[in-house]
Structures are given as structure tokens and as C-alpha cells.
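To keep things clear, I will list the structure first and then write my remarks on it.
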Amino acid sequence: MNDTKIALKLWSSRSPGFKGENDEVLKIIRAAYAATGGKGTVVYDRGGERHTQSRTA
């Protein structure tokens, strides 16, 4: 099996023009589908552990 990562992006809600996490995720998914001709599987870590990272950081 080939695992090819084609997108990794960090963003901040404080960045100018930031519209929201959903908007950022959709932009990445659209770019991934464009790059692969609509082939492949999209795997997304929704950040569910954010509260844990915030306490320990």
C-alpha cells in the first residue's frame, strides 16, 4: 500500500482573512482532489485532543 501525504497545513484563527476551520479543511480537501483527479482517500484529524494539548503545552 502506498501512503502519500499531499497536504499538511497549520493555521491560526488570528490570521488575517481567517474564516473558520471548516473553510480551511474544505480548501485542503478540494486541493487534494484536484491534485489526484478525485482519486484517493482523505483522512483528517479534527483536533479532538486540542484541550489536552492546551493544558500540557
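The values are calculated or read from the model by the stated rules, or taken from the named source; none is laboratory data. Keep in mind that what you see is a predicted model, and the values were worked out from it rather than measured. Neighbour counts are summed over all protein chains in view; Cβ atoms, including those assigned to glycine, are modelled from backbone coordinates with ideal geometry.
Table for the structure above
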read-out: Selected residue (criterion: modelled with the highest pLDDT) from residues of segment 1-20 that are touching a Phe, Trp or Tyr at 6+ places or on another chain (Cβ under 9 Å) and surrounded by 10 or more Cβ atoms within 10 Å (Cβ to Cβ); value: Phe18
read-out: Residue that is modelled with the lowest pLDDT, among those in segment 21-46 that are farther than 14 Å from Leu8 by Cβ and surrounded by 10 or more Cβ atoms within 10 Å (Cβ to Cβ); value: Gly40
